[in-house]
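Presented below is the structure to which this report refers.
What follows draws every value from the coordinates through simple rules; no lab data is involved. Given the structure is predicted, the values throughout are model-derived calculations rather than measurements. In this analysis, Cβ positions are derived from the backbone assuming ideal geometry, glycine residues included, and neighbour counts consider all displayed protein chains.
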Amino acid sequence: MVMEAAVIKALVIAIMLIAIPGVASAQKRDTAHMPELRSGAIEIGMAGSLTAVETVSYATLTLRLGRFFGLGPGLLSVECDGSYSRIGSLDRLEISPLITFSHGFGSAYPYIGIGGGLREEFFGSFSQAQYPIGVDIGVRLLAADNLAIRMDYEFRRLLSDPVADYSEHRLMLGISVLLGD
């Protein structure tokens, strides 16, 4: 588990180090036509993730909805994610509210946020609720005024597991449509 977590963390850092300087160097071009994320925008997106928990890895599909508000020099976003995973015979549904703060650097908008939620796991006729809480770190790369590529690293501590509380690391990659502003 420690090795998988270290690999995921290293991958997230590498992606951010590669993506942010490339976008920052684009700032030297004419910025009059550079995409910009503004207060009032609504984000609708889809993402996929690979999750590593202890010795198990699996894929997750996530749908997102969020709204941006101006806050000082940056943007505050209030979001809600709905996710589905299937791990063997186990079905998992999760709803996760999230609050993030971001600041734009050209067309890159790195952010940090806090989130939590409710996760319901179903195995046959049995179900179990868990309560994940944690932090998100990521970046939105605006490809156009209404299109963004989003990379996230999520750390969650899962509470109320019948065996023991444990940590989860998730790397997500997605695409978002940005409406209004």
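Got a sec to turn the phi values of segment 45-55 into Karplus ³J(HN,Hα) couplings, 6.51 cos²θ - 1.76 cosθ + 1.60 with θ = phi - 60°, whole Hz, x for Gly and Pro?
x, 9, 9, x, 9, 10, 10, 10, 10, 6, 10
Given Cα pairs under 8 Å that are at least 6 residues apart, what percent is the relative contact order of segment 71-162?
21 percent.
Determine, from the Cβ-Cβ distance of residue 89 and residue 50 and an R0 of 25 Å, the FRET efficiency 1/(1 + (r/R0)^6), rounded to the nearest 0.05.
0.80
Under the 0.36 nm per residue contour assumption, what length would be gained going from the current alpha-carbon distance of residue 58 and residue 126 to full extension?
So the chain would gain 22.4 nm between residue 58 and residue 126.
Label residue 146 and residue 71 with points 7 Å out from Cα along Cα→Cβ: what is the distance between them in nm?
With each label point 7 Å from Cα toward Cβ, the separation is 2.7 nm.
From the phi of every residue in segment 173-178, what ³J(HN,Hα) in whole Hz does the Karplus formula 6.51 cos²θ - 1.76 cosθ + 1.60 yield, where θ is phi - 60° and glycine or proline is x?
9, x, 10, 10, 9, 10
Out of residues 5 or more away from residue 41 or on other chains, whose amide H comes under 5 Å of its own, with H placed 1.01 Å from N in the peptide plane?
Those lying under 5 Å, H to H, from residue 41 are 68.
Rounded to whole Hz and in sequence order, give me ³J(HN,Hα) for segment 140-153 from the Karplus expression 6.51 cos²θ - 1.76 cosθ + 1.60, θ = phi - 60°, writing x for Gly and Pro.
9, 10, 7, 8, 7, 4, 10, 9, 9, 9, 10, 10, 10, 10
Check which residues have an amide H placed less than 5 Å from residue 87's amide H, if you skip close sequence neighbours.
For residue 87, whose amide H was placed from the backbone, the distant partners under 5 Å are 92.
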